[in-house]
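Single-structure report; data block below.
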Amino acid sequence: MQNRWLALLHGQLPRSKRLAKLRRAWGAPGDNDAWRASAYFDLTCGAATPQLVDDKTWLDLEFPKIFSAIDTTITAIGRQYLFKQLRTFEYDTETLSRRQEAYDVLRTNSALRERLQLSLQRLHADSATYIVELLYGPPPAKPRRHALVVPWVLLTVLVTVGAIVHWVPLWLCGSILAVNAIGALIFSPKLDLNAEALTSCGRLLEVAERIASLQRKKSDLSYAAQLVAETAKRRRLKSQLQSLKVLDRLRSVDILGGIIILVNGCFLLKLALYTRSIDQFIRHRAEWESTFELVGAIDASIAIANFHHRFPDRCRPRICSDQVIDIQNGYHPLLAAPVKNSIALGKESALVTGSNMAGKTTFIKMVAINIILGHTIGTCLADSATIPRSRVMALIRGDQSVASGKSRYFAEAEGIRDFVAESARGECGVFVIDEPFSGTNTVERVAAAAAVLAAISLHAQALVTTHDVELQHLLNDRFRLFHFQEDPAVEGFFDYHLRAGAGTQRNAIRVLERLGFPSDIIARALALVAATGG
């Protein structure tokens, strides 16, 4: 009985509560808000950077959902680091191996992982979201005439003391305090944001030191070892923010919090401390970047370790310089009960036919997603995988843009035109195209698709879906043919298994029949197909 009460009491302690929550979350998909997750990526990666997952590919392959499912990070820094990692192709096998080693340590060493997560929780605040702007954005703005701020604050203090001892008229003291109060309101919004971000920078140093202390106890985590090596640098950086740190600690005390707010309004205390700190910070802000990145890498690595825990059927891909795609029993991460499929292409492209809902688009997405995951987190959801040392570009949706005034065909044609140019330059080796030129008539669609896909396949590999079985004999010299088909024995019409060879079945009308369309409509449709020789 005594042990039971002790256990209950222990469960009410703050650290124990946090630890219990972390343990419940382990193995579950992410549910974080993606607010400002792209900030680090946006500030450090230009549009012309060649090793990026471009915006359209990111959206067409549903990576926002994949990112959300992986994102179990504790901090905004980890979330921002993870987002950039998933959008940046990494071709260096040693870098990918180091990442895998970190994931394995964090997945198997639960005691270390939980201590790291508890340390990271000190950065679980909205203000930490803006650290990235301080480090990688334009230099933080200083208040106008910032050189006069500290002298003005000192003058305010002297006038106030003088008023107390009746050396200075009260009206003069009151006027200065009123000016300060108005100034505090004017500077408050932007000042608060930057000051809180600077304060969070101080917490970032504390978290880094806590993690480094774990490494000194032999944690076998390479990122933590790098933090240990930077201990002296962190001590120098810490001194830059000492005054803001003191203010933050005083404000956190309930009794003093209101007094600090009053003093700040009357004497511009925060403005003076911010002005003093920001000058030093701007001069040395490049030195903060490695701490930001190492702490972010640890948080992101814990999230990926959780992803590994949830998906035990995975592998480390072999990355080769040739045009080889070989994925065995690969599957899609967003499907609750995925059907695994395999494909092996050596300097070949793939043309996949089949009717709607058969699984064509999901299959080519699966292959593309696994290539990207293989190059970003070093993991493929498959029994084995060989992937090319290449970017992936996708064109899955060619929807009409009302805002731009472009038709579906025109928007799709623009995207495919860019693919032709990219393949000719050799800047991308894998193109994923769903139903090319689907926005135009059959004759021109088949002709245009045959010409364009033949051109792309001269320099790169293409994974293409189509309803146009005519393309099979037009492209069979450079494309391997695959198809999905209806299986009458399976509930739901399709078994979602990829089959090698040309597809011969036309199942669209049969699908309508099984969906319950009126029999006279089905009969007329079949008669029209027969009349046209289909």
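The values are calculated or read from the model by the stated rules, or taken from the named source; none is laboratory data. Keep in mind the model is a prediction, meaning the values are calculated, not measured. Neighbour counts run over all protein chains shown; Cβ positions are idealised from the backbone, glycine included. Heads up: the accessible areas ignore ligands, DNA and RNA and are worked out on the full protein's heavy atoms, side chains in. Shrake-Rupley method; radii C 1.70, N 1.55, O 1.52, S 1.80 Å.
What the table below lists for this structure:
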| quantity | calculated |
| --- | --- |
| Net charge of Cβ neighbours under 15 Å - reference GLU94; Lys, Arg +1; Asp, Glu -1 | +2 |
| Hull volume in cubic angstrom per residue (convex hull over the Cα atoms of region 49-140) | 138 Å³ |
| Two-site label geometry, ASN476 and LEU118: point separation in nm, points 7 Å out along Cα→Cβ | 6.6 nm |
| Percent of Cα-Cα distances greater than 31 Å, calculated over the chain | 59 percent |
| Region 15-73 and region 315-360: distance between their alpha carbon centers, rounded to Å | 24 Å |
| Projected label distance in nm at ALA421 and ALA20, using a 7 Å step from Cα toward the beta-carbon | 6.0 nm |
| Globularity ratio of region 94-186, using Cα Rg and 2.2 N^0.38 Å | 2.04 |
| Carbon/sulfur fraction of accessible area - the chain, other protein chains in place, 1.4 Å, % | 58 percent |
| Surrounding net charge for PHE482, when Lys and Arg each add one and Asp and Glu each subtract one, Cβ distance under 12 Å | +2 |
| DSSP bridge pairs, the chain: antiparallel proportion in percent, nearest 5 | 40 percent |
| Solvent-accessible heavy-atom area per residue, rounded to whole Å², over the chain at 1.4 Å | 49 Å² |
| Two-site label geometry, ASP220 and GLU62: point separation in nm, points 7 Å out along Cα→Cβ | 3.6 nm |
| Theoretical ellipticity at 222 nm over the chain - DSSP helices of four or more residues, -39500 (n - 2.57) apiece, nearest 500 | -18500 deg cm²/dmol |
| HIS284/ASP383 FRET efficiency (R0 45 Å; Cβ-Cβ; nearest 0.05) | 0.35 |
| Förster radius 22 Å - calculated FRET efficiency between ALA28 and GLU206, Cβ distance, rounded to 0.05 | 0.20 |
| Local electrostatic count, GLN328, Cβ distance below 10 Å [Lys/Arg +1, Asp/Glu -1] | -1 |
| Net length gained if the chain between TRP171 and LEU334 were fully extended (0.36 nm per residue, minus Cα distance) | 51.8 nm |
| Pairwise FRET efficiency - LYS347 versus GLU90, Cβ, R0 = 22 Å, nearest 0.05 | 0.40 |
| Over 27 Å (Cα to Cα) - which of LYS65/LYS360; LYS21/LYS270; LYS21/LYS340 fall in this group | LYS21/LYS270; LYS21/LYS340 |
